[in-house]
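Data block below; observations after.
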Amino acid sequence: MKRIALALVLSVCTFSSQLCGQDFVPRPVSVEEREGFFRLPTILRIYYSPQVAPLADYLEAELRRSYRFDAVRKTESDRLPSDTKGIIQIYVDSESGLPAEGYWLNVSGRDILIAGADYGGVFNGIQTLLQMLPDAPPFCDDCKSVDIPVKCINITDYPRFEYRGMMLDVARTFVPKETVMRYIDNLSRHKINRFHWHLANDEGWRIEIKSHPELAEVGGFRGGDSPIRPVYGAWKEKYGGYYTQEDIREIVAYAAVRNVEIIPEIDLPGHSRAVARVVPDILCDGEADTVATNGYDARNVWCVSREENYELLDDILSEISALFPSRYIHIGGDEVDYGQWRRCPHCRELMASCGFSEPEQLEALFVERVCDILARYGKCAAVWNEAAEAGRLPSDVRVHGWESVDAACRAARAGYATVVMPSSWFYFDMKYTAAEPGLRWAGLVPTEKVYSFDPRQSGLSTEEMRNVVGVEGALWHELGLLGGATYIDRQSYPRVCALAEVAWTPQEQRDWVDFECRMERTHYARLSRMGIRYRIEPAVQETQVEVYITPEFAVESSLRARTANPFSILTDYRWGRQARTTRGARPGDYVLFVFAAPVDCRSIEIVTGFSDLPRCLFVEGYAEVAYEHEPDRFVRIGELENGRITIRPAVPIVAVRIVSTGTPTGDESVIFQPLKIVAR
Ligand code: TNX
């Protein structure tokens, strides 16, 4: 069925050029194809206005990557020569009347003109032009004979939203400088113009701060001799990395050429275990906890009442402000656990003296103080939506609504500039489909769902919609180490393509079938040429029907289970329920399942830890079974991998035991999922 549908889509593509046009992604506002072709000459002449000098170099480099020219001549000039034959002109036309970042692209038989409303407009026009260029011909000795035709066309185009963003979390998994640059480059080819760079969280501090070098030198690593516990896959060796200020300057400049503004984020006052391990004094009780790092509950929170904290933050933010030209610095504000503040005598005193009844008012106070610091460096704060609900913040704060559409709407209604990025549409660490890698707490996020998002459906009035500055996708990165080298690309693409079109193209011009067709016919091939290892839809598999059986058993363990999550939860085999122990695993810890009667099955899957996330697990261990014919002897049958194992006993068994051999992770508990036993 799927195949027939695809064939239909492709035939629509082939026969309706109007529907697919040049298969641009994102689709431009207005495209008018004309007769004829422009042929790229072997002597390439680029005319450019002074504001876009870097783009003349960029365009030359792009064209050279694909084609060979006898010579390239670049001329800085606002005016064209009388004979324009064969030239490409790129210029800023401040009187174009086009919206910001808009452009005209005009390809005639004689020349190619790109006029932008501003620098960004010219950059966007260049992207559209690059999408029109044919595949690179193989290099040849006599290039003059190589024909590189570009279809004659008139395009008028401009973005739907000024903020078209993508967030990358480099705290949970470190992403090397070159990969970050490549990521930004590929975003810019989709006319994404904001890169939200999540630089610090519980699991790592990734930016060099010269006045406090230990933040990155110590806080940038976990495991081994680091005070930060290992987590998320790197268990044995010390793992991490950070960007020097020189790296950052290089990346910022690289992004700026590509019309991408970088918004750095340091997550405050919660999600701050990494910095708290390096500078325990920032905490209310001044004691760094020794529990494993954890993205889900934020127990390491900066003390609000400690004056020295604001001095440290001033040092940090002054350096960050100097490095990033963006007006906004993202200071987090999500998932703050107020427990520490409730207990801290100084925070309680502060609450009393301010007349506060709720600790969340302290969060608002904290954000306000950080805003004051930022203001001194000419910056404003961006925050996650929780911070904006904690109290009234300065009116120039920008809010990222991630929890839900509603959360974003509340921020917009309250008058804040709002970036709409509800997790159920825009979190690309979620799975595409149930059988693929990723998290799933915000639901499955297939590309079609991303594409379907229209911020107007949120019920905001036209007036309130004006506060919606745009949309953003996010790639949180807890699973990066397990996902391997292709993880970032795979989770991002093709969802970024859909996001780009949500952000750029007028709603009336958006259509899923049309988008899919442009992707299939042309854009996937472009992604390949960009070197993106995008996700390929898994083939529908002829699956063998698996029948699960639920034999009765009893559990014995060296670990004690919590009252609310006893081992007996496992005995009714309901997937989704889990047993949870009172402490983490040490070497020698075991769980033994003893069956009431011998079990003859095809396989048993044993999963320790969360079902999607490598936490609270046996990081290393093995499984052993006792067979029916020799019930008192355990035979080792395999090693656990990332806390799990599927065993396939050939003959009936009476018991199975898993034994931990790994180093303790500092996890506060071990979680056990129900067994999955497949009938023979
Ligand atoms: C929630 S979104 C978080 C992140 C996690 C993410 C995992 C947000 C502001 N907080 O810390 O990485 O879920 O999907």
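The values are calculated or read from the model by the stated rules, or taken from the named source; none is laboratory data. Here the structure is a predicted model, which is why all the values come from computation and not from measurement. Because the Cβ atoms are built from the backbone with ideal geometry, glycine has one as well, and the counts that use them run over all protein chains shown. Calculation scope for accessible area: heavy atoms of the full protein, side chains included, ligands and nucleic acids excluded. Shrake-Rupley method; radii C 1.70, N 1.55, O 1.52, S 1.80 Å.
Quick look at the values:
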| quantity | calculated |
| --- | --- |
| Single match in Y534, Y524 (criterion: part of a helix (DSSP H, G or I) and either polar (S, T, N, Q) or under 25 Å from V260 (Cα atoms) (or both)) | Y524 |
| Residues (assigned to a strand (DSSP E or B) and among the β-branched types (V, I, T)) located in the stretch 588-645 | V591, V594, V599, I604, I606, V607, T608, V625, V635, I637, I645 |
| Filtered residues of the stretch 253-281 (kept if in contact with a Leu (Cβ under 7 Å, 6 or more places away or on another chain) and part of a helix (DSSP H, G or I)) | V275, A276, V278 |
| Meets criteria (under 30 Å from W476 (Cα atoms) and either modelled with pLDDT under 95 or crowded, with 16+ Cβ neighbours inside 10 Å (or both)) for T571 | no |
| Qualifying residue in the stretch 623-634 (condition: of a type outside the set (D, E), within 40 Å of the chain's Cα centre (by Cα) and open to solvent by 10 Å² or more (accessible area, probe 1.4 Å)) | no |
| Options D289, D285, D314: the member that is open to solvent by 10 Å² or more (accessible area, probe 1.4 Å), touching a residue at least 24 places away in the same chain (Cβ under 8 Å), part of a loop (DSSP other than H, G, I, E, B) and not hydroxyl-bearing (S, T, Y) | D285 |
| All positions within the stretch 402-440 that are in a helix (DSSP H, G or I), open to solvent by 10 Å² or more (accessible area, probe 1.4 Å) and either out of contact with any Asp or Glu (no Cβ under 8 Å at 6 or more places or on another chain) or away from the ligand (no atom under 16 Å from the Cβ) (or both) | V405, D406, R413, S424, W425 |
| Condition check for V445: open to solvent by less than 10 Å² (accessible area, probe 1.4 Å), at negative phi, in a loop (DSSP other than H, G, I, E, B) and in contact with a strand residue (DSSP E or B) (Cβ under 6 Å, 6 or more places away or on another chain) | yes |
| Qualifying residues in the stretch 353-388 (those that are surrounded by 15 or more Cβ atoms within 10 Å (Cβ to Cβ) and without any contact (Cβ under 8 Å) to a residue 24 or more places away in the chain) - the one farthest from the ligand (Cβ to nearest atom) | F356 |
| Cβ pairs under 8 Å, 6+ apart, first in the stretch 322-342 and touching a residue at least 12 places away in the same chain (Cβ under 8 Å), second within 16 Å of the ligand (Cβ to nearest atom) and polar (S, T, N, Q) | D334/N385 |
| Where V399 falls short, out of the listed (1) part of a loop (DSSP other than H, G, I, E, B); (2) within 16 Å of the ligand (Cβ to nearest atom); (3) at pLDDT 95 or above | (1) |
| The stretch 448-502, subset closer than 12 Å to R535 by Cβ and among the basic types (K, R), residue most open to solvent (accessible area, probe 1.4 Å) | R490 |
| Which numbered condition S305 misses (of (1) outside any loop (DSSP other than H, G, I, E, B); (2) more than 21 Å from G666 (Cα to Cα)) | (1) |
| Residue in the stretch 479-488 that is part of a loop (DSSP other than H, G, I, E, B) and either within 16 Å of the ligand (Cβ to nearest atom) or touching a Lys or Arg at 6+ places or on another chain (Cβ under 6 Å) (or both) present | yes |
